[in-house]
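Okay, so here's the structure we're looking at.
The values are calculated or read from the model by the stated rules, or taken from the named source; none is laboratory data. What you see is a predicted model; the values in this text were computed from it and never measured. FYI the Cβ positions are ideal-geometry reconstructions off the backbone, even for glycines, and counts take in every protein chain you see. Ligands, DNA and RNA are excluded from the accessible area calculation, which covers all protein heavy atoms including side chains. Shrake-Rupley method; radii C 1.70, N 1.55, O 1.52, S 1.80 Å.
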Amino acid sequence: MAGIKDVAAAAGVSVATVSRVLNAHPSVSEDARARVLAAVEELGYRPNAVARSLRTAQTRTLGLIISDVMNPYFTELARSVEEQARALGYSVIIGNADESPRLQDDHVRTLLDRRIDGLLVSPTDGGSPQLLDAARAGTPTVFVDRWIPGVDVPVVRADGSTAVRDLVAHLHGLGHRRLAIIAGPAATTTGSERVAAFRAALGEYGLELPEAYVGQGDFQAESGRRVTEAFLALPEPPEVVFAADNLMALGALDAIRARGLHIPGDIALAAFDDIPWFVHTDPPITAIAQPTRELGRAAVRALIALIEGRPAWSVTLPARLVVRRSCGAQAVAAALSSRPRPRSNP
């Protein structure tokens, strides 16, 4: 069987260049990269197997790239990842993509330069070239919270569809019929999924989601403020604003208060992604809570399994609805068991 020297000779490059190409290192020219990959194909190597064989030592370091370090959900996720990694003998280097594909790629390059053993990533905006190259070249990779369709790596995520259904049942039971959503970026899986789940849940009660009640946000507070201001300016404003993440909910809260409106008397507010200080707002905000700590731990275990050559599978955990008073409930814990039955389809 041909070795790495044969690949280098066929491509007309050094052994070090072959290693850099197969590990998705950014310092290789496109011409050299193309020749190495052509030689790998000609010699019948699978890039993943070759990339693994080139590892001479582990650094026992994991790279974590999160979408937004200012988002309390990702802060808690990072803490969980670091705690679990440390318990298993690994350290973690964290990069903040700030919802920017360019910054995400910068972090991927930096982490690969530092010879991390594997990547944990919550992809921003549907992914980025360097991240895709690294995952497809065999770098042990696990997606957490978000994922990129078509990229065959384990995904550790929460399923919020049941919790969204519970939220709509709760709102319907309180008499709300005009429900709007501040959506996250459609290019992200979480952005598109949450809108789809919300629309489907409304349909179970015979309610529509007009385009005017779908506002495009970007998982940042300012977009929540902007979209809510647009909702409130409509001839028939919604009765409920559901923000698809916690930062957009805080922006929505600012916009509602700036209008001198009261929650829930004038308009109700709910959020995806619970955060600790939602209980301290007036009134406390109803939210969908993800099992953040469990997600972080499961993601680390999956990544270390890949690094050690063991099987690793995707993990999906359920989110849950936390009912507070921001939608009109008088008790902190509403009885979902008494919710009205959805209208059956004929």
Test for THR141: is it surrounded by fewer than 18 Cβ atoms within 10 Å (Cβ to Cβ), within 25 Å of GLU294 (Cβ to Cβ), among the polar types (S, T, N, Q) and in contact (Cβ under 8 Å) with a residue 12 or more places away in the chain: no
Listed residues VAL164, VAL156; which is at pLDDT 95 or above and under 17 Å from ALA305 (Cβ atoms)? VAL156
Apart from one, (1) modelled with pLDDT of 90 or more; (2) surrounded by 23 or more Cβ atoms within 10 Å (Cβ to Cβ); (3) not hydrophobic (A, V, I, L, M, F, W, C) all hold for THR124; the odd one out is (1)
Open to solvent by 30 Å² or more (accessible area, probe 1.4 Å), part of a loop (DSSP other than H, G, I, E, B) and touching a residue at least 60 places away in the same chain (Cβ under 8 Å), is that true of GLU99? yes
Which residues, counting only those in region 315-346, are open to solvent by less than 90 Å² (accessible area, probe 1.4 Å), at pLDDT below 95, in a loop (DSSP other than H, G, I, E, B) and farther than 16 Å from VAL279 by Cβ? GLY328, ALA335, PRO340, PRO342
Which one of these does GLN104 not meet: (1) open to solvent by less than 20 Å² (accessible area, probe 1.4 Å); (2) in contact (Cβ under 8 Å) with a residue 60 or more places away in the chain; (3) not aliphatic (A, V, I, L, M)? (2)
Filtered residues of region 218-229 (kept if surrounded by 16 or more Cβ atoms within 10 Å (Cβ to Cβ) and either modelled with pLDDT of 95 or more or assigned to a helix (DSSP H, G or I) (or both)): ALA221, SER223, GLY224, ARG225, ARG226, VAL227, THR228, GLU229
Matching residues in region 57-90 (open to solvent by 60 Å² or more (accessible area, probe 1.4 Å) and either out of contact with any Asp or Glu (no Cβ under 7 Å at 6 or more places or on another chain) or closer than 22 Å to ARG146 by Cα (or both)) number 9
Quick count over region 234-267, residues being over 21 Å from VAL164 (Cβ atoms), touching a residue at least 24 places away in the same chain (Cβ under 8 Å) and in a loop (DSSP other than H, G, I, E, B), is 4
Does region 31-47 hold any residues that are surrounded by fewer than 15 Cβ atoms within 10 Å (Cβ to Cβ) and at pLDDT below 85, and which are they? GLU41, GLU42, GLY44, ARG46
By residue number, the members of region 278-296 that are in a loop (DSSP other than H, G, I, E, B) and in contact with an Asp or Glu (Cβ under 9 Å, 6 or more places away or on another chain) are ILE285, GLN290
Could you pull out the residue among ASP113, ASP133, ASP152 that is charged (D, E, K, R) and either free of Cβ contacts under 8 Å to residues at least 24 places away in the same chain or open to solvent by less than 10 Å² (accessible area, probe 1.4 Å) (or both)? ASP152
If you take the residues of region 162-192 that are farther than 26 Å from PRO237 by Cβ and open to solvent by 40 Å² or more (accessible area, probe 1.4 Å), which of them is farthest from the chain's Cα centre (by Cα)? THR162
Can you tell me which residues in region 193-212 are surrounded by fewer than 16 Cβ atoms within 10 Å (Cβ to Cβ) and touching a residue at least 12 places away in the same chain (Cβ under 8 Å)? ALA200, GLY206, ALA212
Out of (1) among the hydrophobic types (A, V, I, L, M, F, W, C); (2) within 30 Å of ALA201 (Cβ to Cβ); (3) touching a helix residue (DSSP H, G or I) at 6+ places or on another chain (Cβ under 8 Å), the odd one out for VAL92 is which? (2)
